[in-house]
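The structure under discussion is supplied below as structure tokens; questions concerning it will follow.
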Amino acid sequence: MSLYDIAVKTLGFPTIELFVKAGSDGESIGNCPFSQRLFMILWLKGVIFNVTTVDLKRKPADLQDLAPGTNPPFVTFNGEVKVDVNKIEEFLEEKLTPPRYPRLAPKHAEANTAGIDVFAKFSAYIKNPRKDTNDALEKALLKSLRRLDDFLRTPLPDEIDADASGDLPESSRSFLDGSELTLADCNLLPKLHILKVVAKKYRGFEIPAEMTGLWRYLNSAYQREEFTNTCPAEREIQFAYLDVAKRIK
């Protein structure tokens with residue numbers, strides 16, 4: 001009997017299977033920030049689950065029967081198919097609750113909207129082939145990244161000493177909501193990592209070193225197995241954008 005079977009039968013864990021997009025080899029984890037988002041959530045919940053990579057070019061018939069017309073990511077929970085990433089996130093937060101499983105919703109509402117437009121600005125920048133609009137799109141991306149950096153450098157209310165006088169100290173927190181990863185990070189970090197890898201590869205663009213809050217955030221993520229072990233290889237990310245990233249003309 002496998003560890004998964006023991007956990008389900010003996011310890012009373014729910015039966016959970018996560019289906020994610022496969023990489024170019026049809027087996028490894030592919031480039032998909034939504035797949036990684038759910039992968040991170042389940043890992044952080046501390047639940048035992050299976051992961052199946054789905055090759056979209058050769059989608060097995062049994063998977064087409066399981067979730068007809070649906071591409072990964074999706075989840076089966078005690079045999080019930082769950083689709084739509086936002087609804088799956090809500091479902092898991094509702095079903096996997098304390099004291100057995102940690103609550104992952106941020107304590108500070110502003111953490112949910114931090115960096116909300118970064119990926120859209122990146123997508124517009126990387127898909128643009130026109131030289132005359134490239135600078136404006138790059139500036140728009142930098143402006144969005146700067147707002148996120150400002151948020152990460154501004155202390156949260158529980159970081160501020162009410163009795164202290166003078167200027168507020170810069171935040172030293174690791175993640176959007178504090179010292180621990182939350183649902184907000186599961187949403188934003190996979191997208192930020194794609195931005196960093198793809199923009200450097202196809203535009204020679206790097207997140208400015210002076211954005212110290214943003215770099216602290218990324219480097220904190222790279223120290224956490226919940227992020228690094230759910231991340232696709234950089235070559236998969238680059239391959240996924242091979243035809244998406246437009247050459248400037």
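The values are calculated or read from the model by the stated rules, or taken from the named source; none is laboratory data. Predicted, not measured: the structure shown is a model, and the values here were computed from it. Cβ: placed from backbone, ideal geometry, glycine included. Neighbour counts: every protein chain shown. Each accessible area value is taken on the protein alone, full model and side chains, heavy atoms only, with ligands, DNA and RNA left out. Shrake-Rupley method; radii C 1.70, N 1.55, O 1.52, S 1.80 Å.
Please identify every one of the GluC sites (Glu not before Pro) in the stretch 178-238 that sits in a loop by DSSP and has no more than 11 other beta carbons within 10 Å of its own beta carbon.
Glu206, Glu210
Kindly give Rg over Rh for the chain, based on alpha-carbon atoms, with the Kirkwood expression for the hydrodynamic radius.
Dividing the radius of gyration by the Kirkwood radius yields 1.00.
With point charges of +1 on the Cβ of Lys and Arg and -1 on the Cβ of Asp and Glu, referenced to the Cα centre of the chain, which listed residue (Leu181, Leu242, Ile29) lies farthest in the positive direction of the dipole?
Of the options given, the answer is Leu242.
Right, another one. How would Asp55, Asp117 rank on accessible area, largest to smallest, probe 1.4 Å? Please report the intermediate quantities before stating the final value.
On the way: Asp55 15, Asp117 40 Å².
Correct descending sequence by accessible area is Asp117, Asp55.
Roughly how many whole Å is it from the C-alpha centroid of the stretch 10-44 to that of the stretch 139-154?
30 Å
Right, another one. Please report the antiparallel percentage of the DSSP beta bridges confined to the chain, to the nearest 5. Walk me through the numbers before you get to the answer.
Details: 9 of 14 bridges.
Percent antiparallel among DSSP bridges in the chain is about 65.
Quick one: compute a quarter of the convex hull surface over the Cα atoms of the stretch 114-171 and quote it in nm².
4.8 nm²
Now a separate question. Using just the helices of the chain, give the 222 nm mean residue ellipticity in deg cm²/dmol: DSSP H runs with n ≥ 4 each add -39,500 (n - 2.57), and the total is spread over all residues, rounded to 500.
Result for the chain: -13500 deg cm²/dmol, rounded to the nearest 500.
Please give the charge dipole size of the stretch 77-143, origin at the Cα centre, charges +1 on K and R Cβ atoms and -1 on D and E Cβ atoms. Round to the nearest 20 debye.
Dipole magnitude for the stretch 77-143 comes out near 160 debye.
On full extension of the chain, what length is gained from Ala140 through Leu242, given 0.36 nm per residue of separation minus the C-alpha to C-alpha distance?
Contour length minus the Cα-Cα distance gives 34.4 nm.
Continuing with the same structure: Given the stretch 147-249, what whole percent of its Cα pairs are spread farther than 21 Å?
That tail contains 44 percent of the Cα-Cα pairs.
Using only alpha carbon pairs under 8 Å that are at least six residues apart, calculate the relative contact order of the stretch 105-212 and give it in whole percent.
Relative CO of the stretch 105-212 lands at 32 percent.
Determine the order of Ser171, Ser179 by accessible area, beginning with the largest, at a probe radius of 1.4 Å. Numbers along the way, then the final one.
Working: Ser171 5, Ser179 85 Å².
Largest accessible area first, the residues go Ser179, Ser171.
Tally up the carbon and sulfur contribution to the accessible surface of the stretch 112-156 as a whole percent, 1.4 Å probe, everything protein left in place.
About 53 percent, which is the carbon plus sulfur part of the accessible surface.
Next question. What lysines sit close enough to Lys191 to cross-link, taking a C-alpha to C-alpha distance under 23 Å and skipping anything fewer than 8 places away on the same chain?
Those lysines meeting the cut-off are Lys21, Lys45, Lys82, Lys87, Lys107, Lys121, Lys127, Lys139, Lys143, Lys200, Lys201, Lys246.
Another question about this same structure. Suppose every Lys and Arg Cβ carries +1 and every Asp and Glu Cβ carries -1, with no other charges. What dipole size does the chain come out with about its Cα centre, to the nearest 20 debye? Before the final figure, lay out each step's value.
Details: 34 positive and 36 negative charges, 233 e Å.
So the magnitude is around 1120 debye.
What is the spin-label model distance, in nm, from Arg58 to Asn78 if the labels are put 7 Å beyond Cα along the C-beta direction?
3.6 nm
Over the chain, give the accessible area per residue in Å² for a 1.4 Å probe, as an integer.
53 Å²
Here's something else I'd like to know. Taking the Cα centre of the chain as the origin and placing charges on Cβ (Lys, Arg +1; Asp, Glu -1), which of Leu141, Phe227, Ile160 is farthest toward the positive end of the dipole?
Leu141
Take the Cα gyration tensor of the stretch 109-206, multiply each eigenvalue by 5, square-root it, and list the three semi-axes largest first, rounded to whole angstrom.
31, 15, 10
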